[in-house]
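This structure is in structure tokens; I'll ask about it shortly.
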Amino acid sequence: MSVRFAAAPTLDHSGTAVAEPAGHAARPLSAPPAAPRCGPLERLPKWLICVPLVAQWVWLGLQHRCLTLPAAANPTLTAGGLMGEGKLEYFRGMGPVARAATALTAALPNTGRLGARELERAVASAGLAFPLIAKPDLGLCGYGVRRVDDIAALRAYVAAFPIGEVVVLQQWLPAEGEAGIFYARHPAHGAGRIIGLALRHFPRVTGDGRSTLGALIAANARTARLLGSPFHTSELDATRVPAAGEVVRVATIGSTRVGGLYRDGAALITPQLVAAVDAIARDLPRFHCGRFDVRFADPDALRAGRGFTIMEINGAGSEAIQAWDPDISLWRGFSMIFAKQRLLFAIGAANRRAGARPLRLRALARLFRRQQRLIPRYPPSN
């Protein structure tokens, strides 16, 4: 199923596709260059990026006598959050501090027999309201993540979702700022740190008063990735001509696979933010390493350690996505990723000494295969 364009209603700041005037109030969050260049890591084929990372992983595994040691980084999670864990695993173990900072979320097992009434009851009983986000419990990189605006859209989503799998329903967060906050705490040392912060900018195009939306998307090196993708669809009106300077958001998700842009947000890391994130992480059972994906409206509030809402938590398998900032050199980008892998093995080793047991390679491979089989079966993101 490829990207489709259809007639769309007038767009506003809370829509899946967002039309923003130039000079939007959230300028520090939402005004990267209209079509920024691709960074060094983005230009490399994925297989080529993997070669040095796999080589370092094997070297570290030989040093520690365990190739799967990072699977012990967060002992209460499936594979330590390296792969194959559900999003809801993180939420189920939350204490009151972490829960208060997290978006309202509910599980919806897809029995294959969910009609409109059952879905309405599920949404209401969870305290949710439309619009909301529907996504797979077992997912990654925004695959299958959709904004749904009414019960008909939710019913269509569930109908296209694999039977027997779990849909996650989550409140829609309209704040424009999105950050990935990478946290680490050595089990023996006790001090929590933020070792990276990435700002995620949603894919956008800027009107010139002459070109159609479809032409603008095709001409933008980033948003052109949407075209022909079997994993993404859109309901934007491709024939509409945005006004000169009008900024149109073209996807709900901010992944680079749909044209999103990652920027290094290390300047936002403060002792106050570290303390706030550390308190949340310590309110999760034996959580030592991972990324908190949050929405926020005010960067100054984020620096002060407040005003953010957690959408997702990712464990040992979370990427150091700030390395994909186009301004970061290839050498520095790989250095960030190498450092993260070394840290994962160090934390896994400390937990192993405390009694944790990483999964065997065969079990990890089974989790990987299951995850890869499910991704193409999910409804496309939007």
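Net charge near P271: determine it from the other residues with C-beta under 13 Å of the C-beta of P271, scoring Lys and Arg +1 and Asp and Glu -1.
Summing Lys/Arg as +1 and Asp/Glu as -1 gives +1.
So I have (1) 23, 42, 25, 9, 1; (2) 28, 60, 12, 0; (3) 27, 56, 17, 0, and one of them is P(r) over Cα pairs in 20 Å bins from 0, in percent calculated from this model. Which one is it?
(2)
What distance in nm separates the simple spin-label points at L44 and S335, each placed 7 Å from Cα in the Cβ direction?
Simple spin-label model gives 1.5 nm for this pair.
Right, something else. If we count every other residue with Cβ under 9 angstrom of P131's Cβ, Lys/Arg +1 and Asp/Glu -1, where does the sum land?
-1
May I pose another question? Would you work out what percent of the accessible area of the chain, with all protein chains in place, is carbon or sulfur (probe 1.4 Å)?
58 percent
For segment 202-254, what is the charge dipole size about the Cα centre, in debye to the nearest 20, if Lys and Arg each add +1 at the Cβ and Asp and Glu each add -1 at the Cβ?
160 debye
Next up: How far, in degrees from 0 to 90, does helix 330-353 lean away from the longest principal axis of the Cα atoms of the chain, to the nearest 10?
Roughly 50 degrees between the two axes.
State the answer as a single residue: which of I313, A55, G290 lies farthest towards the positive end of the charge dipole of the chain, with beta carbon charges of +1 for Lys and Arg and -1 for Asp and Glu, about the Cα centre.
Result: A55.
Ranked from the most accessible area to the least, with a 1.4 Å probe and all protein chains present, what is the order of H232, H186?
From most exposed to least exposed: H186, H232.
Between the DSSP loop rule and a limit of at most 11 other Cβ atoms within 10 Å, which trypsin sites (Lys or Arg not before Pro) in segment 109-143 are left?
Passing sites in segment 109-143 are R113.
When Lys and Arg each count +1 and Asp and Glu each count -1, what net charge do the other residues less than 12 Å away from A349, Cβ to Cβ, add up to?
+4
Then there's this: How large is the charge dipole for the chain, taken about the Cα centre, if only the Cβ atoms of Lys, Arg (+1) and Asp, Glu (-1) carry charge, to the nearest 20 debye?
1540 debye
Could you rank the peptides 196-203, 267-274, 281-288 by their average count of other C-beta atoms within 10 Å per residue, with the highest value first?
196-203, 281-288, 267-274
The values are calculated or read from the model by the stated rules, or taken from the named source; none is laboratory data. Here the structure is a predicted model, which is why all the values come from computation and not from measurement. Please note: Cβ atoms are built from the backbone with ideal geometry, for glycine as well, and neighbour counts cover all protein chains shown. Just so you know, the surface numbers come from the protein's heavy atoms only, side chains and all, with ligands and any DNA or RNA stripped out. Shrake-Rupley method; radii C 1.70, N 1.55, O 1.52, S 1.80 Å.
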